[in-house]
Amino acid sequence: MQSYVREKGTSAENNWQENLGRVLGSASSISRISIVGVGHSLRGDDYVGSLIAKSLAKCTGNSAENGVYIFDAEENVEKVVRKLIRVAPRHVIFIDACEMHAKPGEARFLSIEETSYPFFTTHGIPLKLLAHQFLTESEAWVLAIQPASFEFNDRPSTEVDEAANAIIKFIASSLTEASCKCLRN
């Protein structure tokens with residue numbers, strides 16, 4: 001879970017689908033994109049990024065034919081740093097639960113610069129710090145999802161689960177010509 005997303009004067013007010021679609025539409029073998037799901041499996045809503053990455057990898061076969069690479073970092077985002085550096089993506093999209101003081105399940109697509117990083121996150125290195133230190137040639141983004149709860153649980157809340165399914169469907173249809181059925185049950 002990434003905490004603290006700036007609330008005023010950001011792209012948070014914009015439509016996440018439009019902005020995410022624009023970035024996904026730029027993918028090619030030359031302009032690669034990496035999607036990184038982040039979250040802790042025992043923290044309920046915090047696991048949403050990881051759940052989305054797993055579903056997208058299953059749905060799309062995790063092939064990088066279109067210049068899109070999907071990684072599931074779970075709570076250890078550090079484990080994908082070398083892979084990201086090797087891919088050298090033009091864009092990196094982290095999908096993570098973020099405290100935005102918004103409605104549970106609300107999603108926002110933000111530049112990593114629009115986030116702040118606290119000393120505590122449920123993953124080791126805050127995403128903004130990771131991007132600044134290791135992904136200096138990439139534009140980093142966060143698809144932030146407002147959690148309903150950070151309690152220990154192995155299932156997401158209804159609101160976050162519905163948001164996850166909408167995001168999976170949107171990204172999958174953006175990445176493939178034919179819409180695939182990769183909604184989680």
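Quick note: the coordinates plus some simple rules give every number you see, no bench work behind them. Predicted model only: the values in this text are computed from it and were never measured. Please note: Cβ atoms are built from the backbone with ideal geometry, for glycine as well, and neighbour counts cover all protein chains shown.
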| task | Could you calculate, for the stretch 11-175, the ratio of the Cα radius of gyration to the Kirkwood radius, expressed as Rg to Rh? | result | 0.92
| task | Using only the alpha carbon atoms of the stretch 11-90, find the Kirkwood hydrodynamic radius as the inverse mean reciprocal pair distance, in angstroms to one decimal. | result | 13.4 Å
| message | Give me the extension gain from D154 to I30: residue separation times 0.36 nm, minus the current Cα-Cα distance, reported in nm with one decimal. | response | 40.8 nm
| Local electrostatic count at I33 - Lys and Arg +1, Asp and Glu -1, tallied over other residues with Cβ under 12 Å | +2
| remark: Here the net charge surrounding E159, from other residues whose Cβ is less than 10 Å away from its Cβ (Lys, Arg +1; Asp, Glu -1), is -3
| request: Order by neighbour count: S34, S174, fewest other Cβ atoms within 10 Å first, most last. | output: S174, S34
| remark: Taking 162-171, 47-56, 130-139, 21-30 and ranking on average Cβ neighbours within 10 Å, highest first, one gets 47-56, 162-171, 130-139, 21-30
| request: Quick one: check the C-alpha center-to-center distance for the stretch 126-166 versus the stretch 15-90, whole angstrom. | output: 11 Å
